[in-house]
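A short worksheet on the structure shown next.
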Amino acid sequence: MKIQKCENKKIFAEIPLTTQSGKIRVKTRNSFYEYGLPTATRQTPFSQNTI
């Protein structure tokens, strides 16, 4: 959280809606335009050539 500005005895700050955990979600997709499906990386090894 960071204070953006202070004026007229008011403080304006941006508050994140979710916590930053540092986790990422790996997804596999068949084409460039597809959104992709979540992949369990601990059970399934992955690489750039994985379809």
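The values are calculated or read from the model by the stated rules, or taken from the named source; none is laboratory data. Everything numeric here is computed off the predicted structure, so don't read it as measured data. Heads up, the Cβs are rebuilt from the backbone with ideal geometry, glycines too, and the neighbour counts pull from every protein chain shown.
Worth pointing out:
- Any chance ALA13 is small (Gly, Ala, Ser), modelled with pLDDT of 70 or more and surrounded by 10 or more Cβ atoms within 10 Å (Cβ to Cβ): yes
- If the condition is being assigned to a loop (DSSP other than H, G, I, E, B) and either at pLDDT below 75 or among the hydroxyl-bearing types (Ser, Thr, Tyr) (or both), then segment 1-10 contributes only MET1.
- Subset of segment 29-41 (residues that are modelled with pLDDT of 80 or more and either surrounded by fewer than 10 Cβ atoms within 10 Å (Cβ to Cβ) or in a strand (DSSP E or B) (or both)): TYR35, LEU37, PRO38, ALA40
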